[in-house]
Amino acid sequence: REEEERLRNKIRADHEKALEEAKEKLKKSRDEIQAEIQTEKNKVVQELKKKDSKPLPPVPLPNLIGINSGEPADPDIQEKRNKIKEMMKHAWDNYRQYGWGHNELKPIARKGHSTNIFGNSQMGATIVDALDTLYIMGLHDEFREGQEWIDKNLDFSVNSEVSVFEVNIRFIGGLLAAYYLSGQEVFKIKAVQLAGKLLPAFNTPTGIPWAMVNLKSGVGRNWGWASAGSSILAEFGTLHMEFVHLSYLTGDPVYYNKVMHIRKLLQKMDRPNGLYPNYLNPRTGRWGQHHTSVGGLGDSFYEYLLKAWLMSDKMDMEARKMYDDAIEAIEKHLIRKSNGGLTFIGEWKNGHLERKMGHLTCFAGGMFALGADGSRDDKAGHYLQLGAEIAHTCHESYDRTTLKLGPEAFKFDGGVEAVAVRQNEKYYILRPEVIETYWYMWRFTHDPKYRQWGWEATQAIDKYCRVSGGFSGVKDVYSSSPTYDDVQQSFFLAETLKYLYLLFSNDDLLPLDNWVFNTEAHPLPVLHLANTTLSGNPAYR
Ligand code: DMJ
């Protein structure tokens, strides 16, 4: 009788669940429902295929050197490095205690936090983003805890609409880096599972992916705010590194083909003044608003052109050429010197240069330095100098504030130099870009001022952003009594603390000849693809 009762309860529960799901479905538009049906059909076909598909093929691991190195001999540098490790532990322990499994932490309210980029489910973004930083810092118990959570709980079959770009750079990038550093298969398997869930986003008339995709239904769409239904350059243009690695690890060219298709399409298009606009319509294949930026909306597209070349062991000349062409146009139209002698990168809006630079744009100093070697007409010295000038400008944007932390955006207009003017541009949300540039400049020049500037930033973060429940962003870097935004961003653990730690480590930790950092600071090894088959790529043949 007990068994009968149990069965009856189960049938009742299943019935109620099905009713709930049907109700949810009816709320959707006809198009959405049709797309969902199509995706379900595709899934069945895929599942059938999978039944006879083999497990992931073993591939030769690339040259993984400099994973456990970097210990500085100088006791002062050692002490600074230990302090940064302690900050990482503080950020992690509090997330562990108050936000475990949630995407991010609210360090003041001491509870989980999430934004729409991660959808509505608990995907443990901080865990995945932090893994490789924990690993290189030697925080192995914490790394194991993270691994265990991922193994048992990270599930992508959820009815949740996520940002394709964010999930790629933080989750796929984070999982792949954790796999290469630790050799633990679980990370590779999860990365491949997740990538499969992103693929439906590419089902658009042009093959330019939607900004968002529902992980369960595969239905994609774009942000409502993006110019006339456009996809964003920095989003669909920041998939290459991770997708090439996915094809390498699985032997399946599908990922590689998706990103090469995007590249080919971009190559064919006219560019106003040689500049790439930030918006591209995935239905028509036409540019949206003519707005070009090396900061938000554009930034990592340029970064990934350069890094595609570096990651291919400098074989992918097509990517290098696209990078060189893009940077030449940017220098001509966007880079200027202020009256006070500060080099800045402005934004191009419909034929007009806005003399404003974002914190996000500051990553470009490091990019110029990284791309100096191999540049056209042997302009290596020029690009290293440009990198140094951007680093200097971005340091000024920190130095001219009360908290010695940089604002979100700063102007070079109307007597103002490297200072935020509008109230809503005065915040600092634990972003990494300025420190990232200090680190690259340090690696290429060993000028001690970069360590000094990095240490100033470390102290400012510890003094003004640290609270007992973790680290928080601040709303006004010009105020001596700032208020907190109560968010510990996952990129603080993935990037800001990692770049600081690398800045105070020896260069043999993750050497740049062997590793390329994705835009979320996840290190991926250089691939020597000449011996492997990635069909259709003349650059690798
Ligand atoms: C990170 O998620 C990545 O660096 C991305 O490319 C842009 N900015 C954030 C951190 O500021």
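The values are calculated or read from the model by the stated rules, or taken from the named source; none is laboratory data. Keep in mind that this is a model prediction, so the values were computed, not measured. Note that we place each Cβ from the backbone using ideal geometry, even for glycine, and neighbour counts take in every protein chain shown. What goes into the accessible areas is simple: the full protein's heavy atoms, side chains included, and nothing from ligands, DNA or RNA. Shrake-Rupley method; radii C 1.70, N 1.55, O 1.52, S 1.80 Å.
Applying the criterion of being touching a residue at least 40 places away in the same chain (Cβ under 8 Å) and farther than 11 Å from Y427 by Cα to the residues of region 473-489, the residue that is farthest from the ligand (Cβ to nearest atom) is S480.
State which residue is farthest from V213 (Cα to Cα) when the search covers only region 24-76 and only residues that are at pLDDT below 65 and among the hydrophobic types (A, V, I, L, M, F, W, C). Out of the qualifying residues, it is L48. Condition first: open to solvent by 40 Å² or more (accessible area, probe 1.4 Å), more than 16 Å from the ligand (Cβ to nearest atom), in a helix (DSSP H, G or I) and of a type in the set (A, V, I, L, M, F, W, C). Can you find one or more residues in region 305-318 that meet it? Taking every residue of region 305-318 in turn, at least one turns out to be open to solvent by 40 Å² or more (accessible area, probe 1.4 Å), more than 16 Å from the ligand (Cβ to nearest atom), in a helix (DSSP H, G or I) and of a type in the set (A, V, I, L, M, F, W, C).
One line per residue, one yes/no per condition, for (1) closer than 20 Å to K449 by Cβ; (2) away from the ligand (no atom under 16 Å from the Cβ); (3) in a strand (DSSP E or B); (4) touching a helix residue (DSSP H, G or I) at 6+ places or on another chain (Cβ under 9 Å):
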position: R336; (1), (2), (3), (4): no, yes, yes, no
position: N339; (1), (2), (3), (4): no, yes, no, no
position: A369; (1), (2), (3), (4): yes, yes, no, yes
position: H395; (1), (2), (3), (4): yes, yes, no, yes
position: G414; (1), (2), (3), (4): no, yes, no, no
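Every condition in (1) within 16 Å of the ligand (Cβ to nearest atom); (2) assigned to a loop (DSSP other than H, G, I, E, B); (3) open to solvent by 20 Å² or more (accessible area, probe 1.4 Å) holds for L360 except the one numbered (2). If you filter region 107-139 down to residues that are farther than 17 Å from W149 by Cα, part of a helix (DSSP H, G or I) and among the aliphatic types (A, V, I, L, M), you find that the one that is least open to solvent (accessible area, probe 1.4 Å) is I136. For Q452, the conditions (1) in contact (Cβ under 8 Å) with a residue 40 or more places away in the chain; (2) outside any loop (DSSP other than H, G, I, E, B); (3) more than 13 Å from the ligand (Cβ to nearest atom) are fulfilled apart from (1).
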